[in-house]
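Enquirer: Take a look at this one; I'll ask things after.
The values are calculated or read from the model by the stated rules, or taken from the named source; none is laboratory data. Bear in mind the structure is a predicted one, so any value in this text is a computation, not a measurement. Virtual Cβ from ideal backbone geometry, glycine too; neighbours counted across all protein chains shown.
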Amino acid sequence: MAVVEKQVKPIVNVCDLVYAIMTDEDTEAYGDVKPISKAMNIKVDTESSNDTLNGDGALTASETTIGKTTIEAEVNDYPIEVQADLLGHAYDKTKGTLIENKEDKPPYVAVGFRLPKGNGGKNRYYWFYKGKFEEVSVEAQQKEDKVTFSTPTLKGTFVYNKDGNKRVVMDEDEGTTPPENFLKTVYKPTASEEGSGA
């Protein structure tokens with residue numbers, strides 16, 4: 001029987017970059033989901049290493065270790081209210097001021113985003129469950145004959161949560177009944193999902 005190949009539906013965009021603060025580290029509960037800014041590009045890089053054991057001149061064992069995941073997201077803007085949330089700073093909404101104190105500590109947050117697909121495809125969604133963001137460099141340039149936009153890049157490091165989960169990925173082209181409003185709340189897998197090995 002001939003193998004029927006699936007139609008290629010490549011990722012063509014990045015949208016809906018959102019976050020939710022982990023409000024309780026013991027229960028790993030989250031607050032409301034909020035937008036960060038309009039995303040321009042996202043890079044997800046996971047550390048991994050492969051160690052091998054040799055004996056009698058031949059490979060006898062191989063072990064792969066998966067480490068932390070780094071997310072870098074270039075965005076149109078980085079509102080100071082979002083900075084305060086992601087970096088643990090004080091924010092006065094009335095005055096529009098952010099105060100950074102030496103005692104401030106970034107909270108754990110979840111981050112999600114949507115990757116639209118081309119060629120008749122739908123969307124692929126991501127949630128990363130537990131990570132912290134770093135301070136962002138500020139760079140600006142004077143306006144000349146051609147405008148140079150200053151677009152910050154956010155960098156966060158994500159680890160496994162207490163359930164041993166680091167992320168969830170949902171593809172609308174793969175499932176028969178994809179979850180709705182996937183980015184409205186932090187999606188938690190059901191017991192059957194965790195035990196299925198899918």
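Enquirer: Just to be sure I understand the filter: pairs with C-beta atoms under 8 Å, separated by 6 or more residues or on different chains, first member in the stretch 82-93 and in contact (Cβ under 8 Å) with a residue 24 or more places away in the chain, second member of a type in the set (D, E, K, R). Which pairs pass?
Expert: Here the result reads Val82/Lys34; Asp85/Lys34; Leu87/Glu100; Leu87/Asp104; Leu87/Glu135, each pair linking the stretch 82-93 to a residue that is of a type in the set (D, E, K, R).
Enquirer: Here are some conditions: (1) surrounded by fewer than 16 Cβ atoms within 10 Å (Cβ to Cβ); (2) farther than 28 Å from Glu25 by Cα; (3) out of contact with any strand residue (DSSP E or B) (no Cβ under 7 Å at 6 or more places or on another chain); (4) not acidic (Asp, Glu). Pro178 meets all but one. Which one does it not meet?
Expert: With (1) surrounded by fewer than 16 Cβ atoms within 10 Å (Cβ to Cβ); (2) farther than 28 Å from Glu25 by Cα; (3) out of contact with any strand residue (DSSP E or B) (no Cβ under 7 Å at 6 or more places or on another chain); (4) not acidic (Asp, Glu) applied to Pro178, the lone miss is (3).
Listed here are the residues, each with its yes/no results for (1) at pLDDT below 95; (2) more than 30 Å from Pro10 (Cα to Cα); (3) of a type outside the set (Lys, Arg).
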{"site": "Thr94", "(1), (2), (3)": "no, yes, yes"}
{"site": "Ile99", "(1), (2), (3)": "no, yes, yes"}
{"site": "Glu103", "(1), (2), (3)": "no, yes, yes"}
{"site": "Tyr108", "(1), (2), (3)": "no, yes, yes"}
{"site": "Gly112", "(1), (2), (3)": "no, no, yes"}
{"site": "Lys117", "(1), (2), (3)": "yes, no, no"}
{"site": "Tyr126", "(1), (2), (3)": "no, no, yes"}
{"site": "Lys132", "(1), (2), (3)": "no, no, no"}
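Enquirer: Right, Asn50: more than 20 Å from Lys184 (Cα to Cα) and touching a residue at least 40 places away in the same chain (Cβ under 8 Å) or not?
Expert: When the stated conditions are applied, Asn50 does not pass them.
Enquirer: Which one is farthest from Pro106 (Cα to Cα), of the residues in the stretch 143-169 that are among the β-branched types (Val, Ile, Thr) and in contact (Cβ under 8 Å) with a residue 60 or more places away in the chain?
Expert: Pass one, the stretch 143-169, residues among the β-branched types (Val, Ile, Thr): 147-148, 151, 153, 157, 159, 168-169.
Right, trim to in contact (Cβ under 8 Å) with a residue 60 or more places away in the chain and you get 151, 153, 157, 159.
On the way: Thr151: 22, Thr153: 17, Thr157: 11, Val159: 14 Å.
Restricting to residues being among the β-branched types (Val, Ile, Thr) and in contact (Cβ under 8 Å) with a residue 60 or more places away in the chain, the top hit is Thr151.
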